[in-house]
Amino acid sequence: MKLGKRNLFYSLVLAGCMLLFLVGYFVYMLPSLYVNYTMEQNLVSIKNQHMAYMKDGNYKNVQVKNPTACFTFKIPDEGDNIHITAKLFSAKVTIKEEKTRELFTQLRKILKDYSKNTNEIHTDEIEEKFQDKINECSNIFQDSFTSNPSIPFQIQILETQNFNNEFRDEYMKTHMVSDDFIIFEMGIHDEENHYVNYVAAERTEESLILTFLPAMMPDMNEIRPIVLQSIPMLGAVILLLVLLFSQVYSKGIVTPVERLVQHTEQMKNSWNFHNFSPDSRKNHRKDEIGTLEVTINELYQKLKTSFEELEEKNLILKEENTRQEVLLRASSHQLKTPISAALLLVDGMKNKIGKYQDTDKYLPKVKEQLLSMKKLVEDILYLNHFGENPDMQERDLQNILEKQLAACQIAITDKKLRIITEGKKHLTICTDETVFSAILGNILSNAINYTPENEQIKITLSKNEIRIQNYGIRIEDEILPHIFEPFVSGNHEKKKNSMNSHGLGLYIAAYYAKKTGITINIYNEEESVVTMLRFPE
């Protein structure tokens, strides 16, 4: 599954989980929270209603939640009057009946004692006393209506019902607002409803103020059907929002990842790390994807560097393998020919066969074969002797040149060559003297060997450069591009006293030169061959 589809699938699962959570929240928790909130608001309403009355003495500036049911009683400490104030009216009630007056006095005394001893009298005690007095007051009220002839109408109780089993979960709470301000919360349940009455009581210097607020609390089962009816719309909105944000999220996440995949594919398909250049923009993303992109580029650069180093080491290893091959071929083939020739000459002279009886003539030829073998062995030893860490120091170029010319003096004298040295004297170069001596010795040996008799070799010294020009000879054009390869030698005729070439001299010189940073170039001029050696700065 691709990242975009996977993201859509996860978004749909998230939408389903969110819908289940919201439905559960609305069905089981929200109704309870709403009921608790309503009860808190009712408590705030009775508190504000009572405080407003205490401030103004009326309800004119009071915003009452239930104006037809809210009212306040003001019970003075003295007298038989009770003041009643509501939103729609205000009244004064005077108690004339003797029993009722006595009962009213007792109730007032209970309330007065309770307000003075709030911390000592428990709610259960005051509730029990109130209940007895209220029952007694109810009986007196009924007797007054049935027996007092001054009332313009007669009330006859035809039937009464017992509500003892109709109500349940009766409770009473006390909320202390201040030392003189108390709010009583009294509630009860029946089969379908929850009734709550709030009574705010505050004591003043001359009277007791009672504010009443009856309320019917909402039932949680009444809210659940509304929530269930809103589920389709709620689900559609959640699904739409999730799809919208999923699309935005996909563009912000999937698109950069796809671009990063293409970027990596280009890296993977680049040949030998040379056909692709990583994105060098500076404005990368600042998040994890941007970090991943930078990390991939850095990894690519490290791999590219490692690959280039490996290529370089492979080239070095290839050269070493070639050198080993040269040693093997030289030891197996190049030595075999002069040895066989020397043995043949010795056997002919020993057995006095034909022309080989002339030992004065053929002994020099045996010597020539032995010298060729000696030169080949020396070249092989030189080739195998060079180390990986040359001793690079400042050396006197003139001194090294003179030593190599002295070593070749016999061959120079035999061929009657003229050696001309020009240029600056006492030049210093940074090199390994042993290695450079081998390079210069091979080049001078080649020049002397191939230069005809009575010709000249011109050596020019300049800063960081030696120019060796031997006259009277040219290198074949077909051989010149391969002159530094092993076992390549010219086919031109050599004069007397010149040794047979085995084709290792220039290969050894080029091999050593590369190790020490020296550049060798060989080319033809008019009836001459020029060898240029350039040293690094």
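The values are calculated or read from the model by the stated rules, or taken from the named source; none is laboratory data. Quick caveat, the model's predicted, so the values are computed rather than measured. FYI the Cβ positions are ideal-geometry reconstructions off the backbone, even for glycines, and counts take in every protein chain you see. Protein only, heavy atoms only, side chains kept; ligands, DNA and RNA dropped before computing areas. Shrake-Rupley method; radii C 1.70, N 1.55, O 1.52, S 1.80 Å.
At a Förster distance of 41 Å, what's the computed FRET efficiency of LYS416 paired with LYS350, Cβ-Cβ distance as r, to 0.05? Let's see the in-between values first.
Values: r = 35 Å, r/R0 = 0.86.
Using R0 = 41 Å, I get an efficiency of 0.70.
Using the heavy atoms of the protein chains alone and a 1.4 angstrom probe, what is the accessible area of segment 401-462 per residue in square angstrom?
Values: 2820 Å² over 62 residues.
Each residue of segment 401-462 exposes 45 Å² on average to a 1.4 Å probe.
Which order do peptides 300-307, 452-459 fall in by mean Cβ count within 10 Å, highest first? Write out the running numbers ahead of the final one.
Working: 300-307: 13.4, 452-459: 16.4.
With the highest mean Cβ count within 10 Å placed first, the list reads 452-459, 300-307.
My understanding is that a pair violates if its Cα-Cα distance is over 20 Å; which of LYS350/LYS374; LYS268/LYS302; LYS374/LYS416; LYS375/LYS416; LYS458/LYS514 do that in this structure?
Numbers: LYS350/LYS374 23 Å; LYS268/LYS302 14 Å; LYS374/LYS416 24 Å; LYS375/LYS416 22 Å; LYS458/LYS514 25 Å.
Pairs exceeding the cut-off: LYS350/LYS374; LYS374/LYS416; LYS375/LYS416; LYS458/LYS514.
Roughly how many Å² of THR85 are accessible to a 1.4 Å probe, to the nearest 10?
10
Working out 0.36 nm times the residue gap between ILE296 and ASN454, then minus their Cα-Cα distance, what length gain in nm do you get to one decimal?
On the way: separation 158, 0.36 × 158 = 56.88 nm, distance 6.87 nm.
This chain segment gains 50.0 nm when fully extended.
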